[in-house]
Amino acid sequence: MTPNDPIVRAAADVTGLYSRHADLWDRVRDPDLRLEAGWMGRFAALLPPASRVLDLGCGTGRPLGAWLLSQGFAVTGVDSSAPAIALARERFPEGTWLRAEMRGLDLAGTFDGLLAWDSLFHLTPADQRALLKVMGAHAAPGAVLMFTSGPDAGVAMGEFGGDPLHHASLSPAEYRDRLAAEGFDVLDFTPEDPDCGGHSVWLARRRLG
């Protein structure tokens, strides 16, 4: 594919799209934890009290970051959209909200929980592979990781705010292999979970040794 290919352009414009439409996204995103409640409950139940959680692609901080804060976790949210991070900082000053590119992130520390809900799957396959390494570098021994993907390898184009929105996925087998290479054991993978709006969800844990 060339740089002018519509899929390539859309993949490169994900940050721009969410920056241009941050207010719209904030209005249409359900502020309550409804569809995600079951998975977030499972994620939180695996974490010790007051754990440090890294939310990659945190957006405006709600509903997931806000819920984690309400449960007593120390949340660090990362997003490349400046308007989204500004909203998160305004609403939830008890959290740490960083405007940064998650693919090359280096926070010089580790976390007990890592979350990439509706964020990793906006990246190209190559960038997803890079982000899985970033996750491994920021995961403490025993850390819990949860993210969403597609049900199988491929690219799917959506739309938001009148702009094309890029989604991509590796195959389940490749995710498993790359998670294993980063020291994670897969606890669950549920493709197109009907109880979670059709999300395909991964839950994994970093090995202790």
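The values are calculated or read from the model by the stated rules, or taken from the named source; none is laboratory data. Worth saying up front: this structure is predicted, and the values here are computed from it rather than measured. Here the Cβ positions follow ideal geometry from the backbone for every residue, glycine too, while neighbour counts run over all protein chains shown. Please note that ligands, DNA and RNA were not included when accessible areas were found on the heavy atoms of the full protein model with its side chains. Shrake-Rupley method; radii C 1.70, N 1.55, O 1.52, S 1.80 Å.
Given the residues Ala153, Ala168, which is the only one that is at pLDDT below 95, farther than 30 Å from Ala50 by Cα and surrounded by 15 or more Cβ atoms within 10 Å (Cβ to Cβ)?
Numbers: Ala153 fails: at pLDDT below 95.
From the options Ala153, Ala168, the qualifying one is Ala168.
Name the single residue, out of those in the range 179-194 being of a type outside the set (A, V, I, L, M, F, W, C) and touching a Phe, Trp or Tyr at 6+ places or on another chain (Cβ under 9 Å), that is least open to solvent (accessible area, probe 1.4 Å). Looking at residues that are of a type outside the set (A, V, I, L, M, F, W, C) and touching a Phe, Trp or Tyr at 6+ places or on another chain (Cβ under 9 Å), I get Asp193.
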